[in-house]
1. Run through the other copies and list how far each one's label point is from that of C:ARG244, in nm with one decimal, shortest first; the point sits 7 Å from Cα along Cα-Cβ.
2. Rounded to the nearest 20 Debye, what is the dipole magnitude of chain A about its Cα centre when Lys and Arg each give +1 and Asp and Glu each give -1 at the C-beta?
3. Show log10 I(q)/I(0) for the range D:266-369 at q = 0.16, 0.22 Å⁻¹, two decimals, from a solvent-free Debye sum over equal Cα scatterers.
4. Based on the alpha-carbon gyration tensor of the range D:135-264 and its eigenvalue square roots a ≥ b ≥ c, which shape applies: rounded if a/c is under 1.5, prolate if not and a/b is larger than b/c, or oblate?
5. How compact is the range D:7-104 by the rule of thumb for globular proteins, expressed as Cα Rg over 2.2 N^0.38 Å?
6. Just to confirm a number: summing +1 for Lys and Arg and -1 for Asp and Glu over residues other than C:ALA123 whose beta-carbon lies under 13 angstrom from that of C:ALA123, what do you get?
7. What does the net charge come to around A:MET202 if you take all other residues with beta carbon closer than 15 Å to its beta carbon, with K and R at +1 and D and E at -1?
8. Mind grabbing the accessible area of C:ILE58 for me, 1.4 Å probe, Å², rounded to tens?
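The values are calculated or read from the model by the stated rules, or taken from the named source; none is laboratory data. All values derive from a computational prediction rather than experimental measurement. Methodologically, a virtual Cβ is constructed for each residue, glycine included, from the backbone with ideal geometry; neighbour enumeration extends over all protein chains shown. Areas reflect the complete protein model, heavy atoms only, side chains present, ligands, DNA and RNA absent. Shrake-Rupley method; radii C 1.70, N 1.55, O 1.52, S 1.80 Å.
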There are 4 protein chains.
Amino acid sequence: MGRSARRTYDLDDVDIVPSRRTRSSKQVSTSWQLDAYRFDMPVLAHPTDALVSPEFAIEMGRLGGLAMFNGEGLWARHRDAEDKIGQLVELADSEAEDEAAISLLQKLHSAPVNPDLLGEVVARIRASGVTTAVRVSPQNAAALTPVLLKAGIDLLVIQGTIISAEHVGDDSPINLKTFIADLDVPVVAGAVTDHRTALHLMRTGAAGVIVGYGSFAGTTTTGEVLGIGVRMATAIADAAAARRDYLDETGGRYVHVIADGDIATGGSLAKAIACGADAAVLGVPLAAAAEAPGKGWYWPAAAAHPSLPRGAMLPVTYGDRPSLEQVLQGPSNDPFGSLNLVGGLRRSMAKAGYSDLKEFQKVGLTVRG
Amino acid sequence: MGRSARRTYDLDDVDIVPSRRTRSSKQVSTSWQLDAYRFDMPVLAHPTDALVSPEFAIEMGRLGGLAMFNGEGLWARHRDAEDKIGQLVELADSEAEDEAAISLLQKLHSAPVNPDLLGEVVARIRASGVTTAVRVSPQNAAALTPVLLKAGIDLLVIQGTIISAEHVGDDSPINLKTFIADLDVPVVAGAVTDHRTALHLMRTGAAGVIVGYGSFAGTTTTGEVLGIGVRMATAIADAAAARRDYLDETGGRYVHVIADGDIATGGSLAKAIACGADAAVLGVPLAAAAEAPGKGWYWPAAAAHPSLPRGAMLPVTYGDRPSLEQVLQGPSNDPFGSLNLVGGLRRSMAKAGYSDLKEFQKVGLTVRG
Amino acid sequence: MGRSARRTYDLDDVDIVPSRRTRSSKQVSTSWQLDAYRFDMPVLAHPTDALVSPEFAIEMGRLGGLAMFNGEGLWARHRDAEDKIGQLVELADSEAEDEAAISLLQKLHSAPVNPDLLGEVVARIRASGVTTAVRVSPQNAAALTPVLLKAGIDLLVIQGTIISAEHVGDDSPINLKTFIADLDVPVVAGAVTDHRTALHLMRTGAAGVIVGYGSFAGTTTTGEVLGIGVRMATAIADAAAARRDYLDETGGRYVHVIADGDIATGGSLAKAIACGADAAVLGVPLAAAAEAPGKGWYWPAAAAHPSLPRGAMLPVTYGDRPSLEQVLQGPSNDPFGSLNLVGGLRRSMAKAGYSDLKEFQKVGLTVRG
Amino acid sequence: MGRSARRTYDLDDVDIVPSRRTRSSKQVSTSWQLDAYRFDMPVLAHPTDALVSPEFAIEMGRLGGLAMFNGEGLWARHRDAEDKIGQLVELADSEAEDEAAISLLQKLHSAPVNPDLLGEVVARIRASGVTTAVRVSPQNAAALTPVLLKAGIDLLVIQGTIISAEHVGDDSPINLKTFIADLDVPVVAGAVTDHRTALHLMRTGAAGVIVGYGSFAGTTTTGEVLGIGVRMATAIADAAAARRDYLDETGGRYVHVIADGDIATGGSLAKAIACGADAAVLGVPLAAAAEAPGKGWYWPAAAAHPSLPRGAMLPVTYGDRPSLEQVLQGPSNDPFGSLNLVGGLRRSMAKAGYSDLKEFQKVGLTVRG
C-alpha cells in the first residue's frame, strides 16, 4: 500500500502450543489480584444490562469473579428495570427486525440517570459483601462518581468504546490523570486498542486498562458503524508490551491488562491470557446463564445510543439455561466449550505446563497460515 | 510466481486504530470543497438510474452532498423514465432469474439519448439551486457536453469502468487533456484503479479523479466479466500517493481523490477517507432510501450494456425505507451501520482524534492477518 | 514449516490492473495459432463426453475454437453413445446421491474402446472441415494413434491427470519423446502443474503443453482424492516461465501453454491469458450450451475411473440453455460473466490497452491480501 | 505482534505437486513396519468406541492396517458394551441437542474399568492373530499395563490429548522413560504438537510418536475448549524434523511419526505422508464403515470427560454404509475421496513418481496463497 499498515490477528487466528512438561490441573491457580482485591478466576462480566443485574453481580462475586455494573444503564434510570428488560426481551422474541428492539432500547435510555436510584442499587450489591465495581462513561464520570463513592464502591470503571488519557473539546468531561489522582478507589479504564493509547492510559494512574471494546460478531458492531476494529490477539499483546514498558519507566508499577472482546469459550479465554492479558471480560457466554437478566438475549450498552447504535440484540440459545456457576466452573456436557470456561482455562494451563496466570502469558503461540 | 504481483487489500481487510486524544464529535468537520463548490459531507451518489432521479439529485444537494446524474441513462432516453423504471422493478420483483430484467434494461437503453430531453432534465436540477453534476461516458462526452453546458451544469463527470488519459483506436472519442483545457467547468474523471493511471488522469487537468468502478458484491460484476478487479483500500492509497506526486510536480495543484466501491456503512465510509480519499461515492446504501427511484433495487449503469452487461439487479431491503436524510444523517436505529453514515464517519473521526477530513487521512490503519 | 513450500495462487486470488492507454475493443485480436492451425479465439473444449460430441466439436470449430474429442469416451465404446448419455443424465436428474450416477458411468466405460467406431466418429468430425483434435491417454496412445491418423486427425492430444515425459513401470505405454518424433501430426500433451515437468514435457517435442487437470470446484476432485492440487495462477505463470526457458535453450522453439482449470467466466479466461497462457480449456461454462450432450450436467472423464473416480456430476443450470455461439460470442444478458466469454476477454484486453493475446500476457496483476 | 508466533498450516492449506517421472501404481508399496510388526497400509484406527470394537480391530488387522483398541472405553467397563453404544446412538439419532448424548456418554463412562473384562476382550483380539495394540491414558498406564501384557498385547499405546515425557504433580502417573525401559512391548505415545515435545517423547524410548490429538471439525473440540490447536501440516513436518534430529543424536534410532488429525480422504492421507508422517490415524472416515460400532456416528474418547468434554457426536452419513474393506481398498464410486483411501494414496504416490512411503515424504509441496 501507499500507506503502511501493520498485520493484526484475532484470537481465532492463534493456537496455544504446549511444549513443556504437562502438569496436574489441581496444581494450577487461576487467581489474580487487582489492587487490594483478590479473585479466584480472571473473569469479569461486561457492563451491560443484558448481563449484570444487582443479583447477577452478587452471584458473580460469590463465584470468585467480578461483575462490572453499568452505572448508566436501565437500573440507574428505572425503578422497574427488570420489567423494562422483560418488555425488551419480549419484543426481541417476537420481532424479526432488529430496528424495533433497538428503538425501544433507545426510548428506555432516554429517561435520565437517577442518582438516588443508582446509589440504592449499588449499595445493594455492596451489602452482599462482594467486590463492587461500577462502570461510568467518561462523559458522566465527574457527575456520578460522588454518588458511587458514597454507595461504597470498591472499584471505579471508566469505560467507553474508545477512551484516551485526555479528551479534546467543549464537552471534555475529565482529565483522567487528575481525576484518578484525587480518588481513593482504584480505577479501571478503557477501552484502548493499541500500544500507544494503552501506555498513555497507564500513565493516568489506572490500576487496570481494558483492551478492546467488547467486539463480538453479531452483537457489537463498532467495526461496521465506525470502521474502528480491533484484532484481539494483537491488541492484547500490544497492551502487554505497554505494561512492560510502563513497569520499566516507573520502576515497578504493574497495571493490569484486561481483555474485552471475542471471548466465547474456555479456549478463547485461555488464548486471551496466553496473549498477555491478566484477566478477561466476558459478555455473550455469560448471557447464557439462567441468572442473566437478558433471558437468552445479549446486547452491549452501545446498542442504546440515541442516534448511532453500535450493537444488536443477539439470541443466545442453549436449550435449558445453565447456572452461572456451571458456565464458569462446570461440570460441562457441552462439547463446544461454552460451559466450564474456567475449567477449560485451568486444563489448558495444565496441559501447557504452567501453574499460574502470569507464567501462562509466556506459553508458545502459533498463527494460522 | 513466475510473475510479480503486488498484494492488495479491500476496505474489509483494514481497521482504523485510534491512537490520539479523543475529541468531541461536535468539533469535527466533514466538509470538503471541489473547485468552487463546498459540500457539508464527503458523499457523492453513484450515477445510476437506480439512484439518481432529478428529484433525488436535488435532495442529495439539499442535504449537503452531491449526486452525479447519469446523462446517458433512462432519463435522457425516455420522457416517462419513471414509468420505465417502474416496469423494470416490477419485473425484478416477480422474476427469480436475473436475465429477464437485464434484457429489459438492455431494451430500454436501446432507445437513443435525446439531447433535448437531457437538457430539460438537467435544467430542472439546476433550477433547484443545488450543485449540478452530470456524468457522460468518454465515448459520448464530445457530443453531449455542449447540451450540458447549455443546461447550466456546474461539474462535468466523465466516467467509464476504466478510462485513461488517452484512448487508442478509431472510436477515440476525445483527448481528455485538450478537451478539459477547453472547458469552463471543472471535470471529475474516472475510473482508475492504480497509481500510474491516476497520475496520468490528474495530468489531464481534472479537478477530481474517481478511484474504483463502483465494485459491490452481488451487483457490480466487472471482476467476473472482465477479470479486472480493484481492492479499494490499496487503490485509494495508491491514488492518494499519485495526488501527492502530482502536487509536488505541479508545485501545488491538488486533485481530489474520490473513492467509488465497496462502501456500504459508516465504517467503510470512514475507512475510505482514512485510506486517503477526499470523498466517497455511494451506491447501494443510498438505494435503500425512500427517495431512490429503484424502489428497493440497485443496479449500476453497466448492467445495461447491450452485449456484455457487467451489473446485476440487487435487492436492497430494509423493511420500511428510511428517508435519504436518515440514511446520511440519522438518527439510526439500525445497529449495523446502514443509517447515519455521516454520523458514523464523524464519530469515527472524533474517536480517532481528528477534526477534519484531510487530517483523518493520516489515522493509523492495520491489516487483518 | 520443517519443510519448505512455495506459496501459490488461484485465478480467484489475482486481479488484472489496467495501467495503459485504453483501446477500442474493435482493434483487439483474440486469434492464436497452434502449429499450422489458426483459431479466432483462444478457447478449447475439455475432452469429456459431457461436452464434446462429434456435433459439438464441429460447432466449436465453426465458431473459431477447438474441441478436444475424447478418444476413449462413450462415443468410442458405444454406437448409441447419445442414448447412453441420456440414461446417465436421467439418472442424475432423479438421484440425489452421486454414487448411483458414478456407478452407471463406470459400467458404461467398462465396455471396450472399439477402434472402428472411434475411426468412424473422428472421420465425421474431420469431414466437416474443422480442425480435428482427439485426446488419448498415455496408456492407450500407442494402440489408438494409428486409428486416429488413419481417420485424418490434425492434432493429437495425449492427456491424463498428470503426465510426465517419461513413465516408470511395466505398463509404461510410450516414451513421449520418441513417440512424438515419429509422428507427423503435432501433439498437445498434459497435464503438468509445475515448471520442471512443463519444461520436460516441452522437451519431448510437444507443440502445446496443458497446465492443470481441469480443476473445478464440485466436479473435478483430484485434490480430494489424491491430494494433488494446482493453483492455476501460479501454475500458468510457472509454465510460461518454462516456455521462456525452453525458447532460450532451443534458440526459438515456442511451445504453447494451454491452461485447463477453474475458468468459468470471461474474467477468469482473461486472467488465465494474463498469467501467461496462450489459450485456455473450458469445461463447465461450455456445458451450459444447448449443443452440449450433457443436457445441463458436467462431468470430467476421470469420473468414470473404475476404482478411484475423481470427478462428480455437476448440475449446470441456466434456465433456458443458450447456444454455444452465445456462450462464446454473446450477446449476453447474464451479468455474472457466463455468456460472451470471448467478448469479455476482448473487452478486458481493450480496457487494459493491449491489442493481441501475446502482449496481454504482460498486463499488470495484483494478488489479494 | 508484541509476541512472536510462527505461521502454521493445515493439510487443507497444502498441495502435493508432482515433478518427477510418473510411475505405475502397481509398482508402489504402501507398506511400513513398526518394530517387528509389518503392515500393508500406513493406516491406524483412532482409539474410540465409535470405531474400534474387538471385531473391528480384527477386521482392520486382517486388511493390513492396525486398530488401536481403547483400553479405557465402554468395552472395558461394560460387558454389554454393544448395547450401551446402541442406546447412545439411538439417543443421538433422536435428539437435536448434543448435550443429552454427551450426558449419557459421561454416565456410561462413570462405571469403573473392569480389568478382567479388559483382559478378556483384548485376548479375543489377540486370538484372531492380528497385531494387537491397546491404548491407555498416562494416568492409568501403570495400573492397566500388567493386565494388557498378560492378555498378550503386541503394542502399548499411551495416549492423551497432550502428553509430555515427564509430568509434574501429585497425580503423576508414570515416568515414561523408566516405564518404557522396563517394558518388553514397544510403545507408541502421544499426542504431541510441536518439535520440542516430539523430540522429548522420542527420547523416552517410544517406538512411535503420535502427532496431533485427532482434530476434526465438528467432533474433536480441543481447540474450542482449551485453545490448544494444531495445524497438522506444520505439526507433522515439525515431528519429522525431530525424527531426523533424534536419528542423528542416537546414531540411527528411527522413531515413527504417526499423524492423527484432519484426515478424511485419500488426498489428506497422502498429504499427511507427504508432510513427513510414516503412518496416519483415521477416525471419521472409518466410522462410515458398516463394521464400525457407532452405526453412522463418530465421537472421540474425550467426548466422555466427566466435567470438560472435548468431543461431539458427529453424524457420518453415506446412505448405505460401505464395508471397511471398500473404505480402505475400494473400489470406489464416491467421487469425493471417502472410499478407497489407500488406493488414493497409492495413485498419488505413483503420479508423483515415488515407489515407497519413505521416499514419498520428499515430494514437493506448495502452500495456498
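1. Ordered by distance, the counterparts are at 3.1, 3.1, 4.3 nm.
2. So the dipole magnitude of chain A works out to roughly 1480 debye.
3. Cα-only, vacuum Debye calculation for the range D:266-369: -0.80, -1.10.
4. Judged from the Cα gyration tensor, the range D:135-264 comes out oblate (a/c at least 1.5, b/c at or above a/b).
5. So the range D:7-104 has a normalised radius of gyration of 1.54.
6. 0
7. Around A:MET202, the charge tally is -2.
8. Roughly 50 Å² of C:ILE58 is accessible to a 1.4 Å probe.
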